[in-house]
Amino acid sequence: MKRSPEPLVWLAFSGGGMAAALLVPVLLFLFGLAFPLGWIEPPSEEHLVALVRHPITKLVLFGLCALGLFHFAHRFRYTLYDGLKLKRFAVLIAAVCYGAAVVGSVASAIVLLSV
Amino acid sequence: MAQFHNVVIVGGGGAGLRAAVAVAEANPLLSVAIVSKVYPMRSHTVSAEGGAAAVIAEDDSLDEHAYDTVSGGDWLVEQDAVEAFVQEAPRELLRLEHQGCPWSRKPDGHIAVRAFGGMKKKRTWFAADKTGFHLLHTLFQSALSYPDIVRYDEWFVTKLLVDDGRVHGVVAIELATGRIETIIANAVIVCSGGCGRVFPFTTNANIKTGDGMALAYQAGAPLKDMEFVQYHPTGLPFTGILITEATRAEGGWLLNKDGYRYLQDYDLGKPTPEPVLRSMELGPRDRLSQAFMHEHAKGRTIETPYGPIVHLDLRHLGASVIDSKLPFVRELCSKYQNIDPVKELIPVRPVVHYMMGGIHTDIDGATPLEGLYAAGEVACVSINGANRLGSNSLPELLVFGARAGKAAAEYVQSLQTGPRSVVYKQGDDEERRLRHELGRHDDGTERIADIRTEMQSTMEEGAGIYRDGNSLEKAAVKLHELRERFERAAIDDHSSTFNTEIVAMLELSCMLDVAQSIVACALQRTESRGAHQRTDHPMRDDEKFLAHSLVHRQPDGSGRVGYLPVTITRWPPGERVYGR
Amino acid sequence: MTAYRQHIPLFWWLRQWSYLVFVLRELSSVFVAWFVVYLLMLVSAIGDGTYADFQAWSGHGWVLVLNVVALAFLLLHAVTWFALAPRAMVVPHVPPWVVLVAHYLAWIVLSAGVAWVVLLR
Amino acid sequence: MSTITMEVTRYRPGEDSEPTVQSYEVPLRKEWAVLDGLNHIKDHLDGTLSYRWSCRMGICGSCGMTVNGRPVLSCASFLVDYAPGPVRVEPLRNFPVIRDLVVDISDFMEKLPRVKPWLIADPPEEGEFLQTPEEMDEYKKYSMCINCMLCYSACPVYALEPEFLGPAAIALGQRYNLDSRDHGAEDRRDVLASAEGAWACTFVGECSTACPKGVDPAGAIQRYKLTAAVAAMKDFLMPRGARR
Ligand SMILES: Cc1cc2nc3c(=O)[nH]c(=O)nc-3n(C[C@H](O)[C@H](O)[C@H](O)COP(=O)(O)OP(=O)(O)OC[C@H]3O[C@@H](n4cnc5c(N)ncnc54)[C@H](O)[C@@H]3O)c2cc1C
Ligand code: SF4
Ligand code: F3S
Ligand code: FES
């Protein structure tokens, strides 16, 4: 029986989509706009250090990074297929996209473990 | 190169699909093919709205269904066929349920039934108000599970091949390519539907042009009871789109221009707020359409650019009943009439709806021509007699489609010999004729559409709800003239790819045959019965006319009308009583 | 039969507004990826003790512009994602609008929670 | 009487190497659908125009066309809504054009049986399957498909990936999967959950926008993805034999 590996990547894609929708806007707003622009007084460095060293934070952030990257990989893969009519390079595109997600996930694990 | 099948079915509507499955089930070794001028799921069965009658309710009985059918048909009914029909109908509808048809349900999960015109009990199964749609798609989709049923989709049958008093197949054109093919078969089942398009104002789809009736007629099989054309009392003006009888079964009222429920003046009972079976708005269609004509004569209808109308009032049913039981009616009214039946009156007028007559068959769908079978609206068994009851047609397609399929499968098994070479020659001749038609009439002087329009208005004027000797004579003369003008019709389109003009021409030729046979039969029947109302002979005449008209085509194209006595088993002719 | 095969232009999504919105929605994924990169830079800056440098860098005009665009795309992502949810997740006996509202509620609660944790001092 | 210009795509194989546009003036009447305009052309102006139609009440699914760029049923779209015009009438997109406004849908007809759109179940010995109105609501809208192909015409994935099973076929598979009487979900899974099945859909959602019968194929497909993903996880976690 030929079954496609698609369910796995799709679940990762969906998980990432949900995580990104729920968490990224607020994080991006705070760290990307509000703090740099001084709209909100940024928290102290000690607080942040304590926060990212907390195992739950590490776990959540790792989940967000890895799933987010798979979300990206999956969607971007289809955007290239359809948006630019590149389906003929399907194998290459899939390898590059998911490859990037795997590498990125490993990298985020290293970063998170090293803080 | 010819194609070969044991059984060829002309038409992929309800009757055709059911017949095909019946053949396949009777003998899986047989090769069965459906040839249809549209994809099966586009067939006109898809438009049926209201429901399909079959006895399942506790308080109902087969005898009552049979009696309603016989009296509804004004006794011009084969009673043995009706008995078989009422008995097999529940089985057929259940079979569809088992195949997935989404019949509307009671809260406890059992099949629900609704009232219908002319029926004494609630026995009409329904799938909201898209019964035909669900029925056809269920039949079509479950037929896909029989991979051995071959389909010729979008092939137009132009001729039945007959040799030595036996049918040997058909000739058909593949529309997409213009390819003309002789399809040899041991038996042919014609399931090509009705012929409403012979009239100008009809609920019928564009494809309902009576092709099968004409094919059989041309091949030498007689047509039966062609004078009985049903007008449905409630069609939308301009489009002719049907507003189903289920609206009245759910409690809708018919109002004249004074807001008066005028049916009470026509011996159809007394008005009550709740619908009463076999009474008022739930009377039979012939009587309701006739009542409209009388109201019109009295000046109590409303004039519109699309003819006189009365109103159908559903407002008191409320949005929830309309949305759950009649959603399609609401959709159609808002789309095509720009009104909301929850708040507004629906303008309606009688509209040509159904052909009681058709190819003469026996109780097994067999015609007098050996190897030729027919079922569905194209056929006349007859269970419908002089007036069909609403919701009897869908179960009829199934019951007699199945019977014809089974009978054809048996017939084919008993055959020894194949066709003689003359049959192939006939096929070649037909191909030559069609090629000639394609190229012909570059210099033609008549437009097909004009002839068609004139034929339609001729039929409306001469053979409408009320007719008389005079109007029919005139119609006959006019049709003869149109037939001659048809020979001079022009064809603009000489392409062999999807040539819809050639199709329109072939259909017009069929419709002219059908129109002529309707008029011929109506002229001879000097009585009034059911849907055939002669103002010059207003009474029913059982002495002379408790008999089916049979019209045979003569070599000169005219029809010879004879009569066949009606089979009476248990219900001697009586008075048709409604509302009392 | 020589059927004519209709041509699909490379930039077919410019043909119709709804297709364009679709492609933009899909492109939001690029900004999700960008955010992951940005987040990891932030985290490693916090770990290295170079958080101040990171803050200075994130105040650069182009970084800000990029983040504004990214935020816009993420909002598009979130809104379209929630709109889709009730169609994929059909919960028995729960009408679709409830599923939709539940997602928005979750969004608000989580956002508030994250802000609280981050800003807690 | 006022008129409106209809710009109709013509394509006659053998004569034209590619489609051309022909303009016709037709009466602009309040009641007229685009289809009535075409019928006027066919009957009175130009008998060579080819298109499909039958029921003219939005139920047979024959008359899909692209009108002013959108896939619609031409019998259920009205000329006045396009006034003052001109109205562009083209064949449905994403299908080969056989002639004028007639497209080749044999691809769908070949795909449809693959999803096994029939009830897979053993009927009860006697009487009907019981099914409550609520159970019927589970699949009802997916059973409303008239096979009009507007969704295929609207779907860019189908345009680019003709192998894609497509919105209507998947919705019809789901119609049976979600029917309380049916036990065939497992039989349909190989096709529906293949790479050309539900997974190929990227949820453009235009199929549901175009659908004239409220089928919501986009929703059906998303739902199926979730079901299929869960089933795949179960396969992964549980040995074969443990499953039904
Ligand atoms: C609007 C409407 C509502 C109705 N509602 C009800 C109802 O509620 N209850 C009820 O019982 N009845 C109802 N009826 C009547 C009933 O629907 C029809 O009588 C019935 O569906 C006819 O089915 P059929 O199979 O005989 O033919 P159709 O479904 O009309 O099929 C005819 C088939 O023959 C094919 N065909 C025709 N000519 C050719 C040719 N030359 N070559 C090849 N193929 C050909 C067509 O392609 C088609 O597949 C209604 C009818 C209408 C018009
Ligand atoms: S899903 Fe809708 S648009 Fe698609 S074929 Fe069915 S009815 Fe037409
Ligand atoms: S438009 Fe196409 S991509 Fe999916 S949601 Fe509909 S099938
Ligand atoms: S003609 Fe039947 S759907 Fe338009």
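For the stretch D:45-69, the set of residues classified as touching a helix residue (DSSP H, G or I) at 6+ places or on another chain (Cβ under 7 Å) and more than 16 Å from ligand 4 (Cβ to nearest atom) consists of D:Gly47, D:Thr48, D:Asn68, listed by residue number.
Screening D:Leu45, D:Leu101, D:Leu112, D:Leu28 for residues that are within 30 Å of D:Asn177 (Cα to Cα), touching a residue at least 12 places away in the same chain (Cβ under 8 Å) and either surrounded by fewer than 22 Cβ atoms within 10 Å (Cβ to Cβ) or under 17 Å from the mean Cα position of the chain (by Cα) (or both) leaves exactly one candidate, D:Leu112.
Which ones in the stretch D:110-136 are more than 10 Å from chain B (Cβ to nearest Cβ) and either closer than 27 Å to D:Cys55 by Cα or of a type in the set (Gly, Ala, Ser) (or both)? Selection gives D:Glu110, D:Lys111.
B:Lys343 meets the conditions (1) buried (at least 24 other Cβ atoms within 10 Å of the Cβ); (2) farther than 25 Å from B:Val162 by Cβ in every case but one. The failed one is (1). Got at least one residue in the stretch D:109-123 being within 16 Å of ligand 3 (Cβ to nearest atom), within 30 Å of B:Ser496 (Cα to Cα) and assigned to a loop (DSSP other than H, G, I, E, B)? Taking every residue of the stretch D:109-123 in turn, none turns out to be within 16 Å of ligand 3 (Cβ to nearest atom), within 30 Å of B:Ser496 (Cα to Cα) and assigned to a loop (DSSP other than H, G, I, E, B).
Restricting attention to the stretch B:445-468, the residues that are within 23 Å of D:His44 (Cα to Cα), among the small types (Gly, Ala, Ser) and in contact with a helix residue (DSSP H, G or I) (Cβ under 7 Å, 6 or more places away or on another chain) add up to 1. Here are some residues: D:Ser153, D:Ser180. Which one is more than 16 Å from ligand 4 (Cβ to nearest atom) and of a type in the set (Ser, Thr, Tyr)? Answer to the check: D:Ser180. Does A:Leu28 satisfy the criteria of being out of contact with any Gly (no Cβ under 9 Å at 6 or more places or on another chain), facing another protein chain (nearest Cβ under 7 Å), farther than 29 Å from D:Pro162 by Cα and surrounded by fewer than 22 Cβ atoms within 10 Å (Cβ to Cβ)? Criteria not met by A:Leu28.
Considering the conditions (1) touching a His at 6+ places or on another chain (Cβ under 6 Å); (2) more than 7 Å from chain C (Cβ to nearest Cβ), A:Ala66 is excluded by exactly one of them, (1). Taken over the stretch B:431-463, the criterion of being closer than 16 Å to B:Met511 by Cα, surrounded by fewer than 20 Cβ atoms within 10 Å (Cβ to Cβ) and among the small types (Gly, Ala, Ser) is satisfied by B:Ala449, B:Ser457. Just one of the listed residues (B:Asn256, B:Asn206) is within 16 Å of ligand 4 (Cβ to nearest atom) and either within 14 Å of chain D (Cβ to nearest Cβ) or in contact with a Phe, Trp or Tyr (Cβ under 7 Å, 6 or more places away or on another chain) (or both), namely B:Asn206.
For every residue, the table says whether it meets (1) farther than 26 Å from D:Pro71 by Cβ; (2) within 13 Å of chain C (Cβ to nearest Cβ); (3) within 16 Å of ligand 4 (Cβ to nearest atom).
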| site | (1), (2), (3) |
| --- | --- |
| D:Leu172 | no, no, no |
| D:Pro212 | no, no, yes |
| D:Ala218 | no, yes, no |
| D:Gln222 | no, yes, no |
| D:Thr227 | yes, yes, no |
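The requirement of being within 11 Å of chain D (Cβ to nearest Cβ), among the small types (Gly, Ala, Ser) and within 16 Å of ligand 4 (Cβ to nearest atom) is not satisfied by B:Gly178.
No other residue among D:Ser50, D:Ser74 is away from ligand 3 (no atom under 16 Å from the Cβ) and at the interface with chain B (Cβ under 9 Å from one of its Cβ atoms) apart from D:Ser50.
The single condition from (1) within 11 Å of another protein chain (Cβ to nearest Cβ); (2) among the aromatic types (Phe, Trp, Tyr); (3) within 16 Å of ligand 2 (Cβ to nearest atom) that D:Tyr152 fails is (1).
Show me the helices (runs of 4 or more DSSP H) found entirely inside the stretch A:15-115 where at least 2 residues are closer than 27 Å to C:Leu105 by Cβ and under 15 Å from the mean Cα position of the chain (by Cα).
A:55-78
Evaluating B:Leu135 against the criteria (1) surrounded by 23 or more Cβ atoms within 10 Å (Cβ to Cβ); (2) in contact with a Phe, Trp or Tyr (Cβ under 8 Å, 6 or more places away or on another chain) leaves one unmet condition, (2).
Every listed requirement among (1) in contact (Cβ under 8 Å) with a residue 60 or more places away in the chain; (2) within 30 Å of B:Gln3 (Cβ to Cβ) is met by B:Asn470 save one, (2). Being within 16 Å of ligand 2 (Cβ to nearest atom) and of a type in the set (S, T, N, Q) is a property that D:Thr48 lacks. Meeting the requirement of 1 or more residues that are away from ligand 2 (no atom under 14 Å from the Cβ), the helices (runs of 4 or more DSSP H) wholly within the stretch D:177-237 are D:185-192, D:217-237.
Looking across the stretch C:1-28 at every residue that is of a type in the set (D, E, K, R) and surrounded by 14 or more Cβ atoms within 10 Å (Cβ to Cβ), the one that is modelled with the lowest pLDDT is identified as C:Arg15. The set of residues in the stretch D:190-199 being more than 9 Å from chain A (Cβ to nearest Cβ) and surrounded by 24 or more Cβ atoms within 10 Å (Cβ to Cβ) consists of D:Leu192 alone.
Among the residues making up the stretch B:1-25, those that are surrounded by fewer than 24 Cβ atoms within 10 Å (Cβ to Cβ) and in a loop (DSSP other than H, G, I, E, B) are B:Met1, B:Ala2. Which of the following residues is in contact (Cβ under 8 Å) with a residue 40 or more places away in the chain, assigned by TED's automatic domain parsing to the domain that holds C:Leu14 and of a type outside the set (Ser, Thr, Tyr): C:Phe82, C:Phe73, C:Phe35? The conditions single out C:Phe73. One residue stands out in the stretch B:26-53 among those that are in contact (Cβ under 8 Å) with a residue 60 or more places away in the chain and away from ligand 1 (no atom under 16 Å from the Cβ): the one that is surrounded by the fewest Cβ atoms within 10 Å (Cβ to Cβ), namely B:Pro28.
Within the stretch D:55-94, being free of Cβ contacts under 8 Å to residues at least 24 places away in the same chain and more than 15 Å from ligand 2 (Cβ to nearest atom) holds for D:Arg56, D:Asn68, D:Gly69, D:Asp81.
Applying the criterion of at least 1 residues that are within 10 Å of ligand 1 (Cβ to nearest atom), among the β-branched types (Val, Ile, Thr) and closer than 22 Å to B:Lys425 by Cα to the strands (runs of 3 or more DSSP E) found wholly in the stretch B:136-237 leaves B:155-163, B:166-174.
The values are calculated or read from the model by the stated rules, or taken from the named source; none is laboratory data. Note that the structure is predicted; figures quoted are calculated from it, not measured. For neighbour counting, all protein chains shown are included, and Cβ atoms are generated from backbone atoms with ideal geometry for every residue, glycine included.
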